[in-house]
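One structure is given below, encoded as structure tokens.
The values are calculated or read from the model by the stated rules, or taken from the named source; none is laboratory data. Remember, it's a predicted structure, so these values are computed and weren't measured experimentally. Cβ placement follows ideal geometry from the backbone for every residue including glycine, while neighbour counts extend to all protein chains displayed. Heads up: the accessible areas ignore ligands, DNA and RNA and are worked out on the full protein's heavy atoms, side chains in. Shrake-Rupley method; radii C 1.70, N 1.55, O 1.52, S 1.80 Å.
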Amino acid sequence: MIERTDLPRPVIQQDDVWIPLADGLRLAARLWRPADAEENPVPAILELLPYRRNDGTAVRDSTMHPYLAAHGYACLRVDMRGSGDSDGVLLDEYLPTEQDDAVGVIAWMAHQPWCNGAVGMWGISWGGFNSLQVAARRPPELRAVMSLCSTDDRYADDVHYRGGCLLAADALPWASVMLAANAEPPDPRFVGETWRELWRERLDGSPPFIEAWLSHPTRDDYWKHGSVCEDFSRIQVPVYAIGGWEDGYTNAVPRLLAGLAGPRKGLIGPWAHAYPHFATPGPQIGFLQEALRFWDRWLLERETGVMDEPMLRAWMQEPGPLDPQRLEVPGRWIAEPAWPPEEACEPEDLLLTAGGELAPATGSGSGNPMERAIEIATVLHHGADAGAWCSYGAPGEAPGDQHGDDARSCCFEGEPVRERTEILGFPELRLRVAADRPVAQVAVRLCDVAPDGTSRLVSRGVSNLTHRDSHEQPRPLEPGRPVDVALRLDAIAWSMPAGHRWRLALAPSYWPIVWPAPELVTLTVLAGPGCRLRLPRRAPRREDDELAPFGPAEGAPRIARVLLRPGSRDRRLVLDDATRRQTLETGSDSGHVRWLSLELETERVGHDIHSIVEGDPLSARVTCSRRFELRRGDWRVRGETESDMTCDAERFHVTNVVRAWEGERQVHERERRFDVDRLLV
């Protein structure tokens, strides 16, 4: 069909493109291209995802791909092997097979009559990951990539582990999402009567991803595969890396700018885990206009000026109201011509003093320069004010006032700053610390404290102290023996007004962000010369005020659908005073949707519970449930999954259940139980 005649060129949308693979399987795709592309071939852009092109990402796709197609590109949105309407079974994230498939798809695209031979690749989250990974494979037809909300380091900065700690907030919930997604069938409208056979292969063959993730608690070859930071030189095509300060993946943007040698750009806004033209909190930007400038430069070799602008552009955040419904973050755009900055300010070093202060390292300060032991006991409810590790912009996901978690921590506080102070980059902390148990963690929060006492989270980091020397070969702590620890906090841009003060908070746990150590721990911080915080100071520049503004955010998605029940995301924290159990419940509901062009109705609902009893780290538990339903006329399929994770001192215990129905007949039930050694986690 031909549509979107309001855009510069008429666009043809083809919903049932089939791409052959070397092993005989096929991938399903949707194609948008200029109507005259076969007479006048154009560059092509690939997005490869496991999220169902027809009813999974269709809403956002309806804005992005037609826009680029109308401006002279062929855009291909491909269902990954084992997902949507494609053949095969999806066995895990970022496997070599996935990259092989992408290389094959790129070669296929380049030889189609509507393509001039030049191909780009882009995507957000999973699609941002595999864009970088495929770039490192160097397919000759690939000319440039755009990677949003992704990472260069699968071990250090992904949904599984942070600082050697298991990411309780998202590891099992995300595995649960994929467990349910991999149980959904292909659509008979596109694959015909083979849909049952393909569905059965998925139900029988797709494993719970959490088992592999828990079985690799250290930085081994499993995680090195697909981590492009292992060899940045493998990527030689231009890269545009984009993130948001409320997303969980922003650290990769400055690392990519520092590590890559070829043409590169970075953009970090105030956004959560979403595309910048509709992400919250705002301000939103005309992202598709920015993307077009990048693609025109590298796929059409037009001088658009995009690479003449600063290498990094970022939103310098300012303290604003702690409103869970906020739509925008106060601040302004700033830019750096290179990263690391060539004209960086001198970093500011602050000592953690024996008197509990953050004192200038070069001045006399008011604290005692002598070393003093400060003990910090474990409070398992520390983390109640953490918000989400990876926010999607829903109410309640941003961290709230930190005063509760500050009270559950050991805090070091600076004097009120005399003038506006700004930082850009990674705060870094050096600690001299001892623990009374062989396995221990430290959670660090950097906060901005206003004159009225409001404490805002600026940056944070966690460290499994058994990984103090290496993520590849952790070693138990010797109880009572001090160790030196270097911890890099999350990258941030923050503008602190005069009269505010820095607060650094330390604690031995951070639930539900990370899974707690197996025993209650008392940390002893040897405050004094061996403990210091380094802040990446940045001076405001006149050039910041001269930056060209972004274009307005593109219009709302256009797709024929009816919301029979609206979707929602919710988050509720409950503390039972009698049992001392803290429970965080989060829900995600995509609503009941009727897709008019597909004559299809869909429902998808998820529910996660994180619970822990104060004083008992072995009470930690994460339980996840998912259900889906697809129906068209007499065709109706539904499924449900349950995932549960508990622990003892030596092992994690996990149960996954998958059930599926065709009509009223149950066609599948599988339960998978396994135990995994904790191995110093």
Look at Leu299 and say whether it is aliphatic (A, V, I, L, M) and within 30 Å of Gly387 (Cβ to Cβ).
no
Pick from the stretch 317-365, criterion of a type in the set (S, T, N, Q), touching a residue at least 24 places away in the same chain (Cβ under 8 Å) and not in a strand (DSSP E or B), ranking: least open to solvent (accessible area, probe 1.4 Å):
Thr353
Checked against (1) farther than 22 Å from Tyr510 by Cβ; (2) touching a residue at least 12 places away in the same chain (Cβ under 8 Å); (3) open to solvent by 50 Å² or more (accessible area, probe 1.4 Å), Ala578 satisfies every condition except (2)
All but one of (1) among the aliphatic types (A, V, I, L, M); (2) surrounded by fewer than 24 Cβ atoms within 10 Å (Cβ to Cβ); (3) part of a strand (DSSP E or B) hold for Val78; state the number of the condition that does not hold.
(2)
In the stretch 146-176, which residues are more than 22 Å from Ala272 (Cβ to Cβ) and among the aliphatic types (A, V, I, L, M)?
Leu166
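Of the residues Arg488, Arg445, only one is open to solvent by less than 30 Å² (accessible area, probe 1.4 Å) and among the basic types (Lys, Arg); which?
Arg445
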Considering only residues of the stretch 448-478 that are open to solvent by 30 Å² or more (accessible area, probe 1.4 Å) and among the acidic types (Asp, Glu), which is farthest from Arg420 (Cα to Cα)?
Glu478
For residues that are in contact (Cβ under 8 Å) with a residue 40 or more places away in the chain and either crowded, with 24+ Cβ neighbours inside 10 Å or assigned to a loop (DSSP other than H, G, I, E, B) (or both), tally how many sit in the stretch 212-233.
11
Selection within the stretch 11-27 - farther than 17 Å from Arg77 by Cβ and assigned to a strand (DSSP E or B)
Pro20
Going through the stretch 502-529 one residue at a time, which ones are crowded, with 17+ Cβ neighbours inside 10 Å and under 20 Å from Gly414 (Cβ atoms)?
Trp502, Arg503, Leu504, Ala505, Leu506, Ala507, Val525, Leu526, Ala527, Gly528
Could you grab me the full set of residues in the stretch 535-554 that are crowded, with 19+ Cβ neighbours inside 10 Å and outside any loop (DSSP other than H, G, I, E, B)?
Leu535
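Which is farther than 25 Å from Leu596 by Cα and open to solvent by 10 Å² or more (accessible area, probe 1.4 Å), of Leu46, Leu91? Before the answer, list the steps.
Working: Leu46 fails: open to solvent by 10 Å² or more (accessible area, probe 1.4 Å).
Among Leu46, Leu91, only Leu91 is farther than 25 Å from Leu596 by Cα and open to solvent by 10 Å² or more (accessible area, probe 1.4 Å).
Anything in the stretch 298-309 that is in contact (Cβ under 8 Å) with a residue 24 or more places away in the chain and under 24 Å from Trp339 (Cα atoms)? List them, or say none.
Residues of the stretch 298-309 in contact (Cβ under 8 Å) with a residue 24 or more places away in the chain: 298-300, 306-307, 309.
Selection gives Trp298, Val306, Met307, Glu309.
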Given the condition closer than 19 Å to Gly205 by Cβ, in contact with a Pro (Cβ under 6 Å, 6 or more places away or on another chain) and polar (S, T, N, Q), answer yes or no: does some residue in the stretch 629-644 qualify?
no
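Just the residues that are aliphatic (A, V, I, L, M) and not in a loop (DSSP other than H, G, I, E, B), please, taken from the stretch 239-265.
Just the residues of the stretch 239-265 that are aliphatic (A, V, I, L, M), to begin with: 239, 241-242, 252-253, 256-258, 260-261.
Passing the criteria: Val239, Ala241, Ile242, Ala252, Val253, Leu256, Leu257, Ala258.
Out of the residues in the stretch 581-619 that are of a type outside the set (S, T, N, Q) and assigned to a loop (DSSP other than H, G, I, E, B), which is surrounded by the most Cβ atoms within 10 Å (Cβ to Cβ)?
Taking the stretch 581-619 and keeping what is of a type outside the set (S, T, N, Q), we get 581, 584-585, 587, 589, 591-596, 598-601, 603-610, 612-618.
Within this subset, residues satisfying the condition of being assigned to a loop (DSSP other than H, G, I, E, B) are 596, 598-599, 614-615.
Values: Leu596: 11, Leu598: 19, Glu599: 11, Glu614: 16, Gly615: 12.
Of everything passing the filter in the stretch 581-619, Leu598 is surrounded by the most Cβ atoms within 10 Å (Cβ to Cβ).
Would a scan of the stretch 243-254 turn up a residue that is of a type in the set (D, E, K, R), buried (at least 22 other Cβ atoms within 10 Å of the Cβ), in contact (Cβ under 8 Å) with a residue 40 or more places away in the chain and in contact with a Cys (Cβ under 6 Å, 6 or more places away or on another chain)?
For the stretch 243-254, residues of a type in the set (D, E, K, R), buried (at least 22 other Cβ atoms within 10 Å of the Cβ), in contact (Cβ under 8 Å) with a residue 40 or more places away in the chain and in contact with a Cys (Cβ under 6 Å, 6 or more places away or on another chain): present.
Among Ala135, Ala107, Ala58, which is of a type in the set (A, V, I, L, M), open to solvent by less than 10 Å² (accessible area, probe 1.4 Å) and at pLDDT 95 or above? Steps first, answer last, please.
On the way: Ala107 fails: open to solvent by less than 10 Å² (accessible area, probe 1.4 Å); Ala58 fails: at pLDDT 95 or above.
None of the others qualify; the one that does is Ala135.
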Can Arg430 be described as in contact with a Cys (Cβ under 6 Å, 6 or more places away or on another chain) and among the charged types (D, E, K, R)?
no
Qualifying strands (runs of 3 or more DSSP E) (wholly inside the stretch 397-504; at least 2 residues being under 28 Å from the mean Cα position of the chain (by Cα) and at pLDDT 95 or above):
421-425, 428-435, 441-449, 455-464, 483-488, 492-496
Checked against (1) touching a helix residue (DSSP H, G or I) at 6+ places or on another chain (Cβ under 6 Å); (2) part of a loop (DSSP other than H, G, I, E, B); (3) open to solvent by 40 Å² or more (accessible area, probe 1.4 Å), Gln236 satisfies every condition except (1)
Quick one: which of Val89, Val119, Val59 is part of a helix (DSSP H, G or I) and aliphatic (A, V, I, L, M)?
Val59
Condition first: surrounded by 14 or more Cβ atoms within 10 Å (Cβ to Cβ) and of a type outside the set (A, V, I, L, M). Now tell me which residues in the stretch 555-575 satisfy that.
Pro557, Arg561, Gly567, Arg569, Arg571
Selection from the stretch 266-289 of residues open to solvent by 10 Å² or more (accessible area, probe 1.4 Å) and outside any loop (DSSP other than H, G, I, E, B) yields Gln289
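Across the stretch 401-442, what is the total count of residues that are among the small types (Gly, Ala, Ser), in contact (Cβ under 8 Å) with a residue 12 or more places away in the chain and open to solvent by 30 Å² or more (accessible area, probe 1.4 Å)? First the steps, then the outcome.
Within the stretch 401-442, the first condition is being among the small types (Gly, Ala, Ser), and the residues that meet it are 404, 407, 409, 414, 425, 434-435, 440.
Within this subset, residues satisfying the condition of being in contact (Cβ under 8 Å) with a residue 12 or more places away in the chain are 404, 409, 414, 425, 434-435, 440.
Adding the requirement that they be open to solvent by 30 Å² or more (accessible area, probe 1.4 Å) leaves none.
Residues in the stretch 401-442 being among the small types (Gly, Ala, Ser), in contact (Cβ under 8 Å) with a residue 12 or more places away in the chain and open to solvent by 30 Å² or more (accessible area, probe 1.4 Å): 0 in total.
Going by what's in this entry, would Gly72 be described as open to solvent by less than 10 Å² (accessible area, probe 1.4 Å), touching a strand residue (DSSP E or B) at 6+ places or on another chain (Cβ under 6 Å) and either aliphatic (A, V, I, L, M) or touching a residue at least 12 places away in the same chain (Cβ under 8 Å) (or both)? It would help to see each step written out before you state the result.
Working: open to solvent by less than 10 Å² (accessible area, probe 1.4 Å): yes; touching a strand residue (DSSP E or B) at 6+ places or on another chain (Cβ under 6 Å): yes; either aliphatic (A, V, I, L, M) or touching a residue at least 12 places away in the same chain (Cβ under 8 Å) (or both): yes.
For Gly72, the condition - open to solvent by less than 10 Å² (accessible area, probe 1.4 Å), touching a strand residue (DSSP E or B) at 6+ places or on another chain (Cβ under 6 Å) and either aliphatic (A, V, I, L, M) or touching a residue at least 12 places away in the same chain (Cβ under 8 Å) (or both) - is met.
Tell me whether the stretch 374-384 contains one or more residues that are among the polar types (S, T, N, Q) and either within 22 Å of Ile492 (Cβ to Cβ) or assigned to a helix (DSSP H, G or I) (or both). Break it down into steps so the answer makes sense when it comes.
Step one: list which residues in the stretch 374-384 are among the polar types (S, T, N, Q), which gives 378.
Subset that is either within 22 Å of Ile492 (Cβ to Cβ) or assigned to a helix (DSSP H, G or I) (or both): none.
Scanning the stretch 374-384 turns up no residue that is among the polar types (S, T, N, Q) and either within 22 Å of Ile492 (Cβ to Cβ) or assigned to a helix (DSSP H, G or I) (or both).
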